[in-house]
Amino acid sequence: MTVVVVGAGPAGVNAAVTAARAGQDVLLIDSAPRIGGQYHRQSFRAKEIRVAHDRVKHLPDTSVWAIEGNRLHLTGSRVVTASRLILATGAYDRTLPFPGWDLPGVYTAGAAQAMAKGQGIALGRNVIVAGTGPFLLPVASSLVDVGVKVRVFEANSPSQNWLRETKALIAGRRKLVELAQYAKVAPYYRERTAVIAAHGDDQVREVTVAKLDQDWNPLQTKRIPVDAVCVGYGFVPQLELAISAGCRISSGFVEVDEDQRTSVPWIFAAGEITGIGGAELAAQEGIRAGAAAAGVQLGLTVDRRFAEALTRVYPVKKGWRGWLTDDTIICRCERVTHRKLQAAAENLTATRAVKLASRAGLGVCQARICGHTVADLLDLDPTTFARRPIATPIPLGDLAANPVEEP
Amino acid sequence: MHVVVVGAGVIGAACAEALSAAGATVTVVDRSGPAAGTTGAGEGNVLVSDKEPGPELELAQASRRQLPELLAKLAEELGQADVEWQPKGGLVVATTDPQPLHDFAARQREAGVQAHPITAREAFELEPNLTREITAAVHYPEDGQVQPVLLATTLLSAVRQRGGQLLSRVTATGVSKHALLTDSGVIACDHVVNAAGPWAGDFAAKAGAPIPVLPRRGVILVTTPVVDLVRHKVYDADYVGAVASGDADLQTSTVVESTPAGTVLIGSSRQRVGFDDTIQVDVLRELARKAIRLFPKLRNVNVMRAYGGFRPYLPDHLPVIGEDHRVPGLWHATGHEGAGIGLAVATGRLLAELMTGRTPHIDPKPFRTDRPGLAL
Ligand SMILES: Cc1cc2nc3c(=O)[nH]c(=O)nc-3n(C[C@H](O)[C@H](O)[C@H](O)COP(=O)(O)OP(=O)(O)OC[C@H]3O[C@@H](n4cnc5c(N)ncnc54)[C@H](O)[C@@H]3O)c2cc1C
Ligand SMILES: Cc1cc2nc3c(=O)[nH]c(=O)nc-3n(C[C@H](O)[C@H](O)[C@H](O)COP(=O)(O)OP(=O)(O)OC[C@H]3O[C@@H](n4cnc5c(N)ncnc54)[C@H](O)[C@@H]3O)c2cc1C
């Protein structure tokens, strides 16, 4: 029997190595070809992480597409039986819709970061990074590194909000040191400012930038020319496996106790699926989860104060709904407009009924991009959009084949 | 006359529509909201092809005739009634012994169903990607499909347009003389209609009039959009056996169909597992295998979603439509199992006729609550 870890980001890698050191045989599964997760995979500044333990077997290019009891179904018609399971599936960046967000030249902040850092691609000469959260800074910084003229628009007012978070600031002082390295973008940084529309025929050429009030309602606007826009409004946890496994979700994240144990006793969760707090916190949680899964007491506590403050300092405020027009696309896969969504969803209360009536969330991304948006617009629970018994698309032929047990 | 309908699934919606058309004042209550139950969890096949001659087929044929007429009427009344109605016909194919299918089709023809045996070549003309291993094929031009959620919401729009009310997030907890009891108060009314789908047995018991409605789990696979791989609805002839059976064990009978969005739906399984909705991969595997057997090209198409729900069924596999024999003023319209979408329109109409004392357009006797098949 094996400890199975899903996700080879900082949380999963640390969980795997810790459990292996405690004597367990560990299978570390990730859909990517390389270890590292979102951040380490694409960043040359981040330290490379490696798994150097002979009890850890790494299965690259492998997705867990379903969980059924303690059997995990893997792509390529394989199954594995887990004695303990550690979920470390991370989070992906959240975009908010606005008129023109579906134009070529509008990127997610994560994609922009990947292109700039991973491949040295500049996106344009004149680029705006907009959204909320500390993550905008490394994105902007990597764009500066490849020679781009950058402006950063933060929709919240962190310089004020942090003043109320002194305890969290002390707890997160190492994080602040990390952020200090992005000081070079400070001259191009504006708070309470957002891109509320993008304009162009075949590609974004101009954007409408707005000064916001504290609820994100536009106060004044102006149009400025750009080559590209990168948007990031925080992160959405990758919850589908946890939900399929029956783990309790609270406030949008997998609920865990101080040992990273979920409501399902043999399943642990670590990293961004339990709360957004950066790579270092994810790694610490991974260590705890690995130890607990191996039945070892660590006597080490994780300080979540900084992470918890992040959600207060960088919230998503309601005012963005006012940026939408009737024709703004909400679901990109199915090209569902705001008007169509509102008309179709009138009087509906159930997520599935909303999806079927409007088609929002029924496309290939399976509501990963629009789910949170639709939930906010219609006052539904966003985690209901993360119910995906089939976590990732697989060929019918692979589903039909007799699965092979992974040793 | 004020009628309260419990349940805003397709059956409750159809009853409410027919009652409001007949002049009643209608209130629909649902503990969640429109199409939150089975109606939002299944497919929208409107079939005559899968039914043995008998009362259910009669109800299906009536419903199939009435559906396009009703949609045309609602389109006029509401400005639009787009429920993705596609009268595209179905093709039933056998891959083993052809005789049972031919016999079945012959019996259906006697009951007035259009069931045309066609040659393998004609079948491939209709469905170029169909397996070459078929032994018989019957074309059913009357089969069609709707989008069930849109059908339910459109029917409810008409109810509201005519002055009816929809109360979401209200749970019915029982009845008393001339009233429905709910968790948010008492609603005075002349009649209550139990259209609570697979939960209808629970509500009926609370209302003092138990009926043995049980859930039968079903799941469907949805592929990513593909161009022109499947054109109509195609069923494996083993479908017929599974529908009529009460066996608890897993049964799958393959229905492969394309939707206007380009996705292919592969349904569906039948299992009695209570209200357990955890996914079972061996069930999905069985569906995938049978679909590939019909359309070998599906092998390379991705499945992106699986979903399912609980069909409300009664032990004798017929719905109940009519007034309860124990509690006057309480009516039932439920137990439509795997055919509620296709049976909804005629069910609503029959119920409204019975309640308003008009001549029923089909024989209501087989659907009564005091029939022997429902003895507890
Ligand atoms: C572009 C980008 C830049 C960032 N920059 C910084 C930064 O500068 N500083 C900082 O502190 N943080 C940064 N972050 C945040 C940092 O990436 C996260 O804090 C950290 O990666 C979280 O680690 P994790 O282990 O929880 O998840 P992740 O690193 O996201 O790893 C999750 C892994 O799970 C795998 N996975 C998910 N589902 C499945 C499945 N079903 N089957 C198989 N595998 C699966 C994914 O492929 C992924 O590799 C950045 C994030 C992004 C996206
Ligand atoms: C996988 C699958 C595939 C299917 N395919 C087809 C098909 O192709 N063609 C076809 O015709 N049929 C099909 N069906 C069957 C069809 O979906 C059902 O017969 C039909 O939806 C039943 O509708 P209903 O209104 O009776 O029940 P439901 O849609 O379940 O509605 C009942 C409503 O009652 C509400 N409710 C319950 N209890 C209470 C209470 N106490 N107070 C207030 N409200 C309450 C619920 O919230 C729910 O909204 C399929 C079903 C499944 C599961």
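Since every read-out is calculated from the coordinates, none of them should be taken as a lab result. Bear in mind that the values here come from a model prediction, so they are computed numbers and not experimental data. For neighbour counting, all protein chains shown are included, and Cβ atoms are generated from backbone atoms with ideal geometry for every residue, glycine included.
Roughly how far apart, in whole Å, are the Cα centres of segment A:267-293 and segment B:104-160?
Between the Cα centres of segment A:267-293 and segment B:104-160 lies a distance of 53 Å.
For a test of the definition: using alpha carbon positions, the gyration tensor, and the 1.5 limit on a/c, classify segment A:138-218 as rounded, prolate or oblate.
oblate
When only DSSP loop residues count, what trypsin sites (Lys or Arg not before Pro) in segment B:117-170 have their Cβ near at most 13 other Cβ atoms within 10 Å?
Here the sparse-neighbourhood loop sites are B:Arg132, B:Arg169.
What percent do you get for the relative contact order of segment A:335-394 when only Cα pairs under 8 Å and 6+ apart count?
It rounds to 25 percent for segment A:335-394.
Looking at chain A, send over the antiparallel percent of its DSSP beta bridges, to the nearest 5.
45 percent
Angle, helix B:340-355 long axis vs. longest principal axis of chain B, Cα atoms, 0 to 90°, nearest 10?
30 degrees
How many lysine pairs in chain B, separated by 8 or more positions in sequence or lying on different chains, have Cα atoms less than 27 Å apart?
14
Take peptide B:296-309, look around each residue's Cβ out to 10 angstrom, count Cβ atoms belonging to other protein chains, and average those counts.
Per residue, the number of nearby Cβ atoms from other chains is 5 on average.
Using a ≥ b ≥ c from the Cα gyration tensor of segment B:32-78 (square roots of the eigenvalues), is it rounded, prolate or oblate, where a/c under 1.5 gives rounded and otherwise the larger of a/b and b/c decides, a/b for prolate?
Taking the square roots of the gyration eigenvalues as a ≥ b ≥ c, segment B:32-78 is oblate.
For chain A, set up a Gaussian network in which alpha carbons nearer than 10 Å are linked by springs, and say which option among A:Ser263, A:Ser251, A:Ser31 fluctuates the most.
A:Ser251
Give me the Kirkwood hydrodynamic radius of the protein assembly as shown, using the inverse of the mean 1/r over all pairs of distinct Cα atoms, in Å to one decimal.
28.5 Å
Alpha carbon centre of segment A:326-387 versus segment A:198-223: separation in Å?
Segment A:326-387 and segment A:198-223 have Cα centres separated by 24 Å.
Please return the longest range in chain A lying between exposed loop sites, taking chymotrypsin sites (Phe, Trp or Tyr not before Pro), DSSP loop only, at most 15 other beta-carbon atoms within 10 Å, and leaving the sites out.
A:45-265
Based on alpha-carbon centroids, what's the gap between segment B:317-376 and segment B:1-32 in Å, whole number please?
When both Cα centres are located, 14 Å separates them.
With a Förster radius of 25 Å, plug the Cβ-Cβ distance of A:Asp201 and A:Val364 into 1/(1 + (r/R0)^6) and report the FRET value to the nearest 0.05.
0.45
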